[in-house]
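Just below is one structure, and these are the notes that go with it.
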Amino acid sequence: MIDAYERILGADPAIGQLYESNYLKANSPCGSRALWLKHTVLRRAGGPGALELWAVLFRRDRPPLVAKREVPLSAASLDPERLCLSAGDVSLTEGSAEGSLADVRWSLRMTGGFGPLHHLPFAWMYRGSFPRSKILTPASNLRFDGRITVGSRVWEVDGWVGLRGHNWGPAHTHAYAYGNCNLWRDGARDRTVEGIAARVEVGPMITPWLTVVVGRNPDVYRNRPRDLWRASTITAHGWRASFGRGLRVPAQLCLQARPDQFVGLRYLHPDGATSYCYNTKFAEVRWAVGRRAFDSRCGELELLGPDPMPGVVLHPDPDWSQADGDYFSG
């Protein structure tokens with residue numbers, strides 16, 4: 001589903017302020033490693049913009065590796081219809097991702113997977129101005145194959161499981177919790193669940209947590225207006241979304257992680273403001289629908305807000321500039 005925000009990428013810069021993120025995430029079948037590649041457009045209203053490129057590699061019980069590059073938006077080639085882009089040696093297509101940032105290099109193929117998951121319940125919500133921030137998953141339960149190298153170390157990517165995500169709007173949401181899972185303890189490859197809880201700015205006010213959860217096998221769509229309110233409980237390192245009141249089939253999604261499993265990223269808004277994003281690919285997941293329950297230790301949990309999370313290192317370093325070269329935490 002192509003929306004007005006997507007159609008204007010690369011078009012008239014006077015059209016307005018914009019961020020747009022296209023990202024990939026995948027977990028190894030054994031659950032010991034995971035990858036996260038982010039391609040984020042930032043454009044000020046009426047002015048030039050930048051493309052942020054991130055590569056984050058997760059290793060269970062070890063610190064994540066983070067690489068970042070910023071390039072002028074004018075140096076990037078964007079195809080908003082197919083959600084493809086290229087900037088120097090970094091490229092993203094519908095079926096592949098190639099790139100190099102600092103000491104990290106990747107060459108990946110994506111195959112299989114499901115069709116799009118739409119988190120918003122009505123098509124007009126993707127075309128109109130409400131909500132300001134949009135989210136959908138163009139492809140979930142993708143198979144990833146290829147190779148990642150970190151210096152002289154090689155990660156063989158063979159049948160990793162993940163997704164391609166997409167979100168956009170005039171600015172990052174004030175605060176949110178996002179979660180998904182594609183890799184399950186029972187081995188099911190045709191099951192997925194995703195959800196987001198957000199506090200949204202409406203004029204001078206900030207809403208309570210608004211929650212949606214969607215899934216396949218079992219098919220669940222808790223994203224109607226009656227589902228939005230009072231469903232989420234957010235803690236420092238976890239999120240629980242519960243839907244039961246008035247429903248024939250209750251559902252609950254729980255994600256929890258230790259502080260040392262998170263990577264912390266400084267997220268820039270198009271206007272230069274900063275939010276703080278904390279992400280892990282190793283969250284403990286419990287997804288219950290009616291009397292059925294499913295578990296994983298390979299969930300993605302992301303928490304974003306205006307204040308830092310104590311005890312988690314933030315990337316890049318506050319004094320880093322692209323003039324110093326690519327950022328690398330390794």
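Since every read-out is calculated from the coordinates, none of them should be taken as a lab result. Treat the numbers as computed from the prediction; the structure is a model and nothing was measured. Counting neighbours? That spans all protein chains shown, and the Cβs are built from the backbone with ideal geometry, glycine included.
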When Lys and Arg each count +1 and Asp and Glu each count -1, what net charge do the other residues less than 13 Å away from F114, Cβ to Cβ, add up to? +2
Taking the beta-carbon count within 10 Å as an exposure proxy, list T211, T235 from fewest neighbours to most. T235, T211
For T235 and D219, calculate 0.36 nm times their separation in residues minus their Cα-Cα distance, and state this gained length in nm to one decimal. 3.1 nm
With the chain treated as a Gaussian network of Cα nodes joined by springs under 10 Å, which of W209, W124, W36 yields the largest mean-square fluctuation? W124
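How much length would be gained if the chain were fully extended between A123 and D307, taking 0.36 nm per residue of separation minus their Cα-Cα distance, in nm to one decimal?
Stretched fully, the A123-D307 segment lengthens by 62.9 nm.
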With +1 on each Lys and Arg Cβ and -1 on each Asp and Glu Cβ, how big is the dipole of the chain about its Cα centre, in debye rounded to the nearest 20? 1400 debye
Would you be so kind as to identify which of P121, A34, L85 lies farthest towards the positive end of the dipole of segment 4-328, taking Lys and Arg as +1 and Asp and Glu as -1 on Cβ and the Cα centre as origin? P121
Using a Gaussian network model on the chain with a 10 Å cutoff between Cα atoms, which of F130, F58, F294 fluctuates the most? F130
Rounded to the nearest 20 Debye, what is the dipole magnitude of segment 48-172 about its Cα centre when Lys and Arg each give +1 and Asp and Glu each give -1 at the C-beta? 320 debye
Could you work out the longest stretch of the chain that avoids the GluC sites (Glu not before Pro) located in DSSP loops with at most 14 other Cβ atoms within 10 Å? 95-330
Hz values of 3J(HN,Hα) by residue in segment 156-170 - Karplus curve (6.51, -1.76, 1.60), Gly and Pro given as x: 7, 9, 10, x, 5, 10, x, 7, 10, x, 8, 8, 6, x, x
Amide N of segment 110-140 lying under 18 Å from the label point, which is placed 7 angstrom from the Cα of S91 along Cα→Cβ: 110-111
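Within a 10 angstrom radius of the beta carbon, how do D307, D295 rank from fewest other beta carbons to most? Mind dumping the intermediate values first?
Working: D307 8, D295 15.
So the residues, fewest neighbours to most, are D307, D295.
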Taking only Cα atoms and a 10 Å spring cutoff, compute GNM fluctuations for the chain and point out the largest among L117, L101, L83. L83
Given (i) 56, 46, 38; (ii) 73, 45, 41; (iii) 62, 45, 33 as possible values of Cα extents along the principal axes in Å, the one from the coordinates is (i)
Once phi is turned into ³J(HN,Hα) by the Karplus curve 6.51 cos²θ - 1.76 cosθ + 1.60 with θ = phi - 60°, what whole-Hz value does each residue of segment 250-264 show in order, with x for glycine and proline? x, 9, 8, 10, 10, 10, 8, 8, 7, x, 6, 8, 8, 9, x
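Working out 0.36 nm times the residue gap between R44 and R82, then minus their Cα-Cα distance, what length gain in nm do you get to one decimal? Numbers along the way, then the final one.
On the way: separation 38, 0.36 × 38 = 13.68 nm, distance 2.33 nm.
That pair, R44 and R82, stretches by 11.4 nm at full extension.
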Treat the count of other C-beta atoms within 10 Å as a stand-in for reagent exposure and order H118, H39 from fewest to most. H118, H39
Label-point gap, in nm, between D271 and R132 - each point 7 angstrom along Cα→Cβ: 0.7 nm
Work from the charge dipole of segment 4-328 (Cβ charges, +1 for Lys and Arg, -1 for Asp and Glu, about the Cα centre) and give the residue of G238, P308, L163 farthest towards its positive end. G238
